[in-house]
Amino acid sequence: MRKQLGLAGFIVAALAAGHASAQTVTIATFADPALDASTPLFVLDGSTFTGGWADEGLNLDAPYIGANYPDATFTMTPLTYDGFVGLSGGSIQFFDSSASLVLQVDFSAATLDQPFVFGASEFAAQDVAFSGPAAGALPLDQEQFAFSFANPVTTPTGATYTADFTSSARVVPEPASLMLLIGGTLIMVARRRMA
């Protein structure tokens, strides 16, 4: 019985080690590419919130995969604004300078903090999922992103903004790697008991 409990303890420890080896990484980020408020990235117009960048100057850094995309662009599906802080779900697509998809971000809903206040405002989303080359090959969870707004300009029907972007996720070890870790632990236990 004691041997079985010891072996079960080692298996639990191996599983915990595999879970603990998951790490949070930055998926992609960019600094505000706009020179000033005359070239906004986002427009709030009545009940519609739109965004994108098609000019030069957006340097998308993808540290998780060790890549950098100068003169990247992005588009966002138009979102419905509830008049308070809520936005509908949608999709954001980032492209490299040759118009190849680099990263897609899907989300079920979003919030727009302090939409008409000058100063720091933020766009953050819920139920986020990353896909595309910048998302890497391993499974991700706890995906999140945010746009930090700057240069707000109030318009008769809403506001415009420039923005920084950051995104992160937790990298989950793939099952094969976890099984190798458990198998290695079991072999070490067996050898130790035979000695």
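Tally time: how many residues in segment 144-193 are at pLDDT 90 or above and more than 30 Å from ALA37 (Cβ to Cβ)?
Residues in segment 144-193 being at pLDDT 90 or above and more than 30 Å from ALA37 (Cβ to Cβ): 3 in total.
Rundown of residues vs (1) among the hydroxyl-bearing types (Ser, Thr, Tyr); (2) within 15 Å of the chain's Cα centre (by Cα), yes/no style:
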site: GLY52; (1), (2): no, no
site: ALA62; (1), (2): no, yes
site: ILE92; (1), (2): no, yes
site: SER100; (1), (2): yes, no
site: VAL105; (1), (2): no, yes
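Restrict the check to segment 11-32 and report whether at least one residue is assigned to a loop (DSSP other than H, G, I, E, B) and modelled with pLDDT under 95.
So far as segment 11-32 goes, yes, one or more of its residues are assigned to a loop (DSSP other than H, G, I, E, B) and modelled with pLDDT under 95.
Identify the residue in segment 57-108 that is β-branched (Val, Ile, Thr) and farther than 25 Å from VAL171 by Cα and, among all such residues, is surrounded by the most Cβ atoms within 10 Å (Cβ to Cβ).
To start, the set of residues in segment 57-108 that are β-branched (Val, Ile, Thr) comprises 65, 73, 75, 77, 80, 85, 92, 102, 105.
Now restrict to residues that are farther than 25 Å from VAL171 by Cα: 73, 75, 77, 80, 85.
Details: THR73: 20, THR75: 14, THR77: 14, THR80: 13, VAL85: 12.
Top of the filtered list is THR73.
Please specify each residue of segment 28-54 satisfying the condition of being among the acidic types (Asp, Glu) and within 21 Å of ALA134 (Cα to Cα). Step through it out loud before you land on a result.
Step one: filter segment 28-54 for residues among the acidic types (Asp, Glu), giving 32, 36, 45.
ASP32 - this is the single residue of segment 28-54 that is among the acidic types (Asp, Glu) and within 21 Å of ALA134 (Cα to Cα).
Within segment 109-126, identify whether any single residue is at pLDDT 95 or above and open to solvent by 40 Å² or more (accessible area, probe 1.4 Å), and answer yes or no.
The answer is no; no qualifying residue exists.
So in segment 45-71, with the set limited to residues that are part of a strand (DSSP E or B) and hydroxyl-bearing (Ser, Thr, Tyr), which one is nearest to GLY90 (Cα to Cα)?
Restricting to residues being part of a strand (DSSP E or B) and hydroxyl-bearing (Ser, Thr, Tyr), the top hit is THR50.
Could you identify the single residue in GLY136, GLY89 that is in contact with a strand residue (DSSP E or B) (Cβ under 6 Å, 6 or more places away or on another chain) and modelled with pLDDT of 90 or more?
Details: GLY136 fails: in contact with a strand residue (DSSP E or B) (Cβ under 6 Å, 6 or more places away or on another chain).
On inspection, the qualifying residue turns out to be GLY89.
The values are calculated or read from the model by the stated rules, or taken from the named source; none is laboratory data. Small disclaimer: the values here were computed from a predicted structure and weren't measured. Don't worry about glycine lacking a Cβ; one is built from the backbone with ideal geometry, like all the others, and counts go over all protein chains shown. To get the accessible areas, we keep the full protein, side chains included, count just its heavy atoms, and leave off ligands, DNA and RNA. Shrake-Rupley method; radii C 1.70, N 1.55, O 1.52, S 1.80 Å.
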